[in-house]
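Undergrad: Quick one: this structure, given as structure tokens, is what I'll be asking you about.
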Amino acid sequence: MFKKVLTLIFASFILLSCTAERDIFNEETAKSFKNQNIESPFFGNPNSKVQLMIFSDFQCPACINFEKTIGNKLLTEYALTNKIWLTYKNFPLNIHVNAPEDALASMCAHEQNKYNDFAVKMYALEEQKNWLRLSTEDRQWVAKAAGLDVAKFNQCVLEWRYVDKVKQDMAEWEKMWLQWTPSVYANWKLIGFNSSESFYTILDWLLK
């Protein structure tokens, strides 16, 4: 009898553990949610001679560092001044437990035209948490801090509204045989850099 009780408790724990997490990499799981289309977040001048595309993962340490050292200047001094055309793409690595839900949440923020406000705070929270698993409440806090309508945000996240969009970004990445995040493309060519200085040297050269 005791063994049967333990078996039931263990089975219940496994069931709760599995249902508590939603895996966007699982096709059957994703089918049970509502899907809508949305364009990738973009900023700047679509006719610029420099078209930048960034593939990123919110839990990736290198991506967090990119946002801290390059991201703000890139957006405010280059994209929002129409020097370049800047597009953000998601590539949540499956080794990062928070990344898939972070990516979905960022698209829900984008739905409210708040992608950058949300993304900046999302990267900061991931750095602060330092690999700890994030909760639904953590992402709701980011949404509120970014000025989103939290009720609409919650509904979007609950429905997994943009799971196909995230997968489209991932498929695009895989076609390019990319191997790390962040990956930055300038005019469809992968650029290599090892510091913010070298990044902006390349960018300014491309603009000349």
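Undergrad: So which helices (runs of 4 or more DSSP H) are wholly in region 1-89 and hold at least 2 residues that are at pLDDT 90 or above?
TA: Values: elements: 2-20, 27-31, 61-66.
Filter on region 1-89 gives 61-66.
Undergrad: I want to confirm something. Restricting to region 48-65 and keeping residues that are closer than 11 Å to Glu127 by Cβ and polar (S, T, N, Q), which single residue is surrounded by the most Cβ atoms within 10 Å (Cβ to Cβ)?
TA: This residue is Gln59.
Undergrad: While we're looking at this one, here's another question. Go through region 91-130 and give me each residue that's touching a Ser or Thr at 6+ places or on another chain (Cβ under 7 Å) and either farther than 11 Å from Asp57 by Cα or not aliphatic (A, V, I, L, M) (or both). Show your work before the answer.
TA: Narrowing region 91-130 to residues touching a Ser or Thr at 6+ places or on another chain (Cβ under 7 Å): 91, 93, 115, 118-119, 122.
Phe91, Tyr115, Phe118 - these are the residues of region 91-130 that are touching a Ser or Thr at 6+ places or on another chain (Cβ under 7 Å) and either farther than 11 Å from Asp57 by Cα or not aliphatic (A, V, I, L, M) (or both).
Undergrad: With respect to Thr136, is the statement that it is over 14 Å from Gln59 (Cα atoms) and in contact with a strand residue (DSSP E or B) (Cβ under 9 Å, 6 or more places away or on another chain) true?
TA: Numbers: over 14 Å from Gln59 (Cα atoms): yes; in contact with a strand residue (DSSP E or B) (Cβ under 9 Å, 6 or more places away or on another chain): no.
In short, no.
Undergrad: A further question follows. Out of region 90-114, which residues are part of a helix (DSSP H, G or I), of a type outside the set (D, E, K, R) and under 18 Å from Lys34 (Cβ atoms)?
TA: Pro100, Ala103, Leu104, Ala105, Ser106, Met107, Cys108, Ala109, His110, listed by residue number.
Undergrad: I've got another one for you. Where residues in region 179-194 are touching a residue at least 40 places away in the same chain (Cβ under 8 Å) and surrounded by fewer than 15 Cβ atoms within 10 Å (Cβ to Cβ), which of them is nearest to Lys73 (Cα to Cα)? Spell out how you get there, then give the answer.
TA: So the first thing to find is which residues in region 179-194 are touching a residue at least 40 places away in the same chain (Cβ under 8 Å), and the list is 180-188.
Pick out the ones that are also surrounded by fewer than 15 Cβ atoms within 10 Å (Cβ to Cβ) and you get 180, 187-188.
Details: Trp180: 22, Asn187: 19, Trp188: 21 Å.
Residue satisfying both the conditions and the ranking: Asn187.
Undergrad: Further question: For Val157, work out the one condition from (1) at pLDDT 95 or above; (2) under 25 Å from Glu111 (Cβ atoms) it doesn't fulfil.
TA: All conditions pass for Val157, except number (1).
Undergrad: Considering only region 167-186, how many residues are part of a strand (DSSP E or B) and either at pLDDT below 85 or not aromatic (Phe, Trp, Tyr) (or both)?
TA: Here is the first cut: in region 167-186, the ones part of a strand (DSSP E or B) are 183-186.
Filter again for either at pLDDT below 85 or not aromatic (Phe, Trp, Tyr) (or both), leaving 183-184, 186.
Residues that pass the stated criteria total 3.
Undergrad: For region 115-160, name all the residues that are surrounded by 15 or more Cβ atoms within 10 Å (Cβ to Cβ), part of a loop (DSSP other than H, G, I, E, B) and of a type in the set (Gly, Ala, Ser).
TA: Ala146
Undergrad: One residue is enough: does region 73-83 have a residue meeting the conditions touching a residue at least 40 places away in the same chain (Cβ under 8 Å) and within 11 Å of Pro182 (Cα to Cα)?
TA: no
The values are calculated or read from the model by the stated rules, or taken from the named source; none is laboratory data. The model shown is predicted, which means the values in this text are computed figures rather than measured ones. Don't worry about glycine lacking a Cβ; one is built from the backbone with ideal geometry, like all the others, and counts go over all protein chains shown.
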